[in-house]
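These notes are about the structure you will find just below.
The values are calculated or read from the model by the stated rules, or taken from the named source; none is laboratory data. Predicted model only: the values in this text are computed from it and were never measured. Cβ placement follows ideal geometry from the backbone for every residue including glycine, while neighbour counts extend to all protein chains displayed. Heavy atoms of the whole protein, side chains included, go into the accessibility calculation; ligands, DNA and RNA do not. Shrake-Rupley method; radii C 1.70, N 1.55, O 1.52, S 1.80 Å.
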Amino acid sequence: MNLDEMIKVGMADLKVGKSPDVLTTLGLGSCVGVAIYDPVTKISGLLHCMLPDSTQFRNNSNRSEEHTSELQSYADSGIDELVAQMLKLGASKVRLVAKIAGGAQMFAMNTNNDTLRVGERNVAAVKMKLSELNIRLLSEDCGLNYGRTVEFYSETGEYVIKSVGKPRKVI
């Protein structure tokens, strides 16, 4: 694989690409890596979302440049933006499918306090948003108590998950 084809997605960031691009993000703990893909055009996108719900963000209707990165932090507004960018590249909304990874509970806590269960809430918010947009979730590697680094291959639709001390997984 040519390193020029590797597109790095930062925390609270998103990127889109087209075959042969590979989208990657590091250090998904409670964050969720949302890979969305059009298998015909091989246009893909990857979102590294940190929080579930942008309605908690003041001025979330203001889509100015300085707020774009803040909106990408959230599952709902980040997925909207990712899909919009993919459609601009030529993806078809009816063909979009998704794979997700992350949403871990990084610290051992026995609590019913939802605010501390960010990973679980992120995964639920991502699934809800994908469902609202009629984007089929093909597979997931979520939860548990360890971080993940992911790579999404635009050519094949493979989502590779790497974790310290765990076997490499392809979903």
| task | Considering (1) at pLDDT below 95; (2) part of a strand (DSSP E or B); (3) charged (D, E, K, R), say which one Lys15 fails and leave the rest. | result | (1)
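Condition check: open to solvent by less than 30 Å² (accessible area, probe 1.4 Å) and modelled with pLDDT of 95 or more. Does Leu23 satisfy that?
Against the criterion (open to solvent by less than 30 Å² (accessible area, probe 1.4 Å) and modelled with pLDDT of 95 or more), Leu23 qualifies.
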| field | segment 11-20 - residue that is more than 17 Å from Met106 (Cβ to Cβ) and open to solvent by 40 Å² or more (accessible area, probe 1.4 Å) and, of those, nearest to the chain's Cα centre (by Cα) | value | Lys15
| query | Do we find a residue being of a type in the set (Ser, Thr, Tyr), within 20 Å of Glu132 (Cβ to Cβ) and either modelled with pLDDT under 95 or in contact with a helix residue (DSSP H, G or I) (Cβ under 6 Å, 6 or more places away or on another chain) (or both) anywhere in segment 56-65? | reply | yes
| note | Counted residues in segment 122-135 being within 14 Å of the chain's Cα centre (by Cα) and not aliphatic (A, V, I, L, M) come to 3
| request: Starting from segment 80-109, keep only residues that are of a type in the set (D, E, K, R), then list their pairs with residues that are open to solvent by 60 Å² or more (accessible area, probe 1.4 Å) whose Cβ atoms are within a distance under 7 Å, requiring at least 6 positions of separation or different chains. | output: Lys93/Leu87; Arg95/Pro39; Arg95/Val40; Lys99/Leu138; Lys99/Glu140
| request: Give segment 26-44 a look and list any residue that's over 12 Å from the mean Cα position of the chain (by Cα), among the β-branched types (Val, Ile, Thr) and crowded, with 23+ Cβ neighbours inside 10 Å, or say none. | output: Ile43
